[in-house]
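One structure is given below, encoded as structure tokens.
The values are calculated or read from the model by the stated rules, or taken from the named source; none is laboratory data. Values in this document were obtained by computation on a predicted structure and should not be read as measured data. Cβ sites come from the backbone with ideal geometry, for glycine too, and all protein chains shown count toward neighbours.
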């Protein structure tokens with residue numbers, strides 16, 4: 001398996017950790033909802049001064065996740081720090097060991113927390129990819 005193939009891997013708890021070289025499995029969490037997880041992500045990002053936070057409700061549109069959250073940081077350092085803080089908080093609050101890609105460069109960090117996938121960008125990288133436009137409702141033409 002290539003590193004790129006593992007980007008949207010499942011979250012897991014310590015009890016459900018796979019053996020080395022084996023894929024991770026999703027832990028059955030019933031103590032929180034996807035809405036509570038999304039709200040926690042939004043709160044953590046707000047506490048860490050994320051800019052231009054957008055949430056996209058994907059329920060019924062994809063089986064990958066229920067919500068996508070997209071936010072910007074002012075620099076690569078802030079993007080990397082926000083992703084690290086978010087990962088630590090999700091682990092502490094929900095026992096989620098989120099899969100993270102891109103933290104080393106800090107241009108675009110993907111954090112997979114299962115029901116919520118978070119994309120953190122530097123503003124110019126976010127503008128280039130315009131990720132939220134892929135999932136937003138189509139504009140009605142007059």
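Within region 116-131, the set of residues being assigned to a loop (DSSP other than H, G, I, E, B) and at pLDDT 95 or above comprises just one member, 122. Being within 20 Å of residue 59 (Cβ to Cβ) and at pLDDT 95 or above holds for only one residue in 90, 86, and it is 90. Checking 96, 70 one by one, the residue that is crowded, with 17+ Cβ neighbours inside 10 Å and part of a loop (DSSP other than H, G, I, E, B) is 96 and no other. Surrounded by 12 or more Cβ atoms within 10 Å (Cβ to Cβ) and either within 13 Å of the chain's Cα centre (by Cα) or part of a helix (DSSP H, G or I) (or both): is that true of residue 134 in this structure? The answer is no for residue 134. Checking 61, 49 one by one, the residue that is at pLDDT 95 or above, surrounded by fewer than 19 Cβ atoms within 10 Å (Cβ to Cβ), part of a loop (DSSP other than H, G, I, E, B) and more than 13 Å from the chain's Cα centre (by Cα) is 49 and no other.
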